[in-house]
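The structure appears below as structure tokens.
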Amino acid sequence: MTLTTNQYVRIFAGAFVLISLALGAEASPLFVSKHFLWLTAFVGANLFQSGFTGLCPLENILRKLGVKDSVGGC
């Protein structure tokens, strides 16, 4: 199965949110600093704006790397 840019974007966003929460939430055994929560906010803000503008930096990078484009965008 070949993944599309849309699938990669969802995988990357989900992974970054989970990793940043694991590193930024004080209740986590992997806690490093609460400042990792800024990464969670950045990913969420980027997903929010891409819903309105269609601009998705990761999708553009993946296209340049030759990943098959998805129908419907980011």
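Listed here are the residues, each with its yes/no results for (1) farther than 16 Å from ILE11 by Cα; (2) not aliphatic (A, V, I, L, M).
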residue	(1), (2)
VAL32	yes, no
LEU37	yes, no
GLY51	yes, yes
ASN60	no, yes
LYS64	yes, yes
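Pairs meeting the criteria (first residue in region 1-13 and touching a residue at least 24 places away in the same chain (Cβ under 8 Å), second residue part of a helix (DSSP H, G or I) and open to solvent by 70 Å² or more (accessible area, probe 1.4 Å), beta carbons under 7 Å, at least 6 apart or on different chains) are THR5/ARG63; ALA13/LEU47.
The values are calculated or read from the model by the stated rules, or taken from the named source; none is laboratory data. This is a predicted model, so every value here is computed, not measured. FYI the Cβ positions are ideal-geometry reconstructions off the backbone, even for glycines, and counts take in every protein chain you see. SASA here: full protein model, heavy atoms, side chains in, ligands and nucleic acids out. Shrake-Rupley method; radii C 1.70, N 1.55, O 1.52, S 1.80 Å.
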